[in-house]
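The values are calculated or read from the model by the stated rules, or taken from the named source; none is laboratory data. Only a predicted model underlies this, so the values are computations on that prediction, with no experimental measurement involved. FYI the Cβ positions are ideal-geometry reconstructions off the backbone, even for glycines, and counts take in every protein chain you see. Surface areas here come from the heavy atoms of the whole protein model, side chains and all, with no ligands, DNA or RNA. Shrake-Rupley method; radii C 1.70, N 1.55, O 1.52, S 1.80 Å.
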Amino acid sequence: MGLLSVASGKNFGLMAKAEAVSTSSFQQWAKQNGFERCGVFRSKNGLMLLELANGVDAQSVFSSISTKDFWNGSVPSDTWVTLDRESPTFSAFTQFLGTEAKAKVKAFRILKFLDGEELVVFFQYSYKPAGFLKAKDNFKQDLLEALRCHKQSLISEPKYEMVEKLSAKGNVRLFLISTKRALEETMKKIEVSETTLLKVLTNTIFEELFYKTKKLFQSPALVYSIDPDEIKVAAIVNSSVEDEILKEQLSLEYTDLIGTEAAKKIIILTAGYSNDNEEIHDYLLRG
């Protein structure tokens, strides 16, 4: 999968403040709309689960498996439902959160609707009693457009012109970030026996990791993945000191999502420098 480069709000040389870019992923759309912790439940193999998420920790993602009957019986269609800890049905929705999130959550906001014949549930939670920004009047259409853009972004490859723009700034450092061992560590205590469901949920977490990785790099740095366990990066990194800063920043970004122990198992491999555009482009696209 590959998303267009997203700038970040970090303070180091290879990291920079966010720039205005068009929506290219569900995570970016959520951030632009102030939805700090949210996800979209959709049907897979007759069950409902979080297929997309932003700010949702891995344990909560793996806790999201549910039934259509639950959602059809618990919330009305096409109506925003907001719940706080005093609401009689509040506890029914804490089952979709991991241990830490369950202890912190103060409110839920939910919208259930049909996209054609498909049941879609937008699920948001907050650690503040009144932590939700007002949703737009055209929220449903806006969300469906974000889902469409997200699908397109997953197959968007870095163009050769992007590589030229990057290499014009100097020697390009090539990285490979392996998430395989970290995701395996995350799944150790997870009881999901159905392979297809496990694959969908693991991919949901990987996409969050991928977005967090992209946020660290200043445009025109390029971040791309063709393998669900690996992230390729081409960026202007000038010293081994910045290599270490990158590792620290990635660990910090990943910890809230997958936990400290799993974050320690992220592997960052350096593939050297290059100023050859074809070599850089081939490196990013090579599986």
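Debye calculation, C-alpha points only, no solvent: report log10 I(q)/I(0) for the range 29-122 at q = 0.13, 0.22 Å⁻¹, in the same order as the q values.
Reported log10 I(q)/I(0), two decimals: -0.42, -1.30.
Taking amide hydrogens as modeled 1.01 Å from N in the peptide plane, which residues meet the under 5 Å criterion relative to Val56, leaving out close sequence neighbours?
Here the answer is Cys38, since their amide H atoms fall under 5 Å of that of Val56.
Determine the share of the chain's accessible area contributed by carbon and sulfur atoms, expressed in whole percent, with a 1.4 angstrom probe.
Answer for the chain is 49 percent, counting heavy atoms of protein chains only.
With N set to the number of residues, divide the alpha-carbon radius of gyration of the chain by 2.2 N^0.38 Å and report two decimals.
1.03
In the range 87-230, if the dipole is taken from +1 on Lys/Arg beta carbons and -1 on Asp/Glu beta carbons about the Cα centre, which of Thr89, Pro228, Leu119 is farthest to the positive end?
Checked the options; the winner is Thr89.
Under 5 Å between amide hydrogens, which residues at least 5 positions from Glu230 or on another chain qualify, with H placed 1.01 Å from N in the peptide plane?
Residues meeting the criterion, in which the H sits 1.01 Å from N, are Thr179.
Under a 1.4 Å probe, what is the accessible area of the range 168-265 per residue, stated in Å²?
Each residue of the range 168-265 exposes 44 Å² on average to a 1.4 Å probe.
I'd like the distance between the alpha-carbon centres of the range 66-93 and the range 39-60, rounded to an integer number of Å.
When both Cα centres are located, 16 Å separates them.
How much net charge surrounds Leu111 when only the other residues with a Cβ under 9 Å from the Cβ of Leu111 are counted, with Lys and Arg +1 and Asp and Glu -1?
Computed value for this residue: +2.
Each label point is 7 Å from the Cα along the Cα-to-Cβ direction; what then is the distance between the points at Ser87 and Leu133, in nm?
Inter-label distance under the simple model: 2.1 nm.
Loop-only check: which trypsin sites (Lys or Arg not before Pro) in the range 247-287 are DSSP coil with at most 16 other Cβ within 10 angstrom?
Lys264, Arg286
Taking the highest mean first, how do the peptides 181-189, 111-119 order by number of other beta carbon atoms within 10 angstrom per residue?
181-189, 111-119
If the cut-off is a Cα-Cα distance under 26 Å, which lysines reach Lys169, setting aside same-chain residues fewer than 8 apart in sequence?
Candidates past the 8-residue exclusion: Lys10, Lys17, Lys159, Lys212, Lys214, Lys215, Lys232, Lys247.
Taking H as built 1.01 Å from N, whose amide H comes closer than 5 Å to the amide H of Ser25, not counting residues under 5 places away?
So Ser25 has HN proximity to no qualifying residue.
Dividing the Cα radius of gyration by the Kirkwood radius, what Rg/Rh value follows for the range 188-287?
1.00
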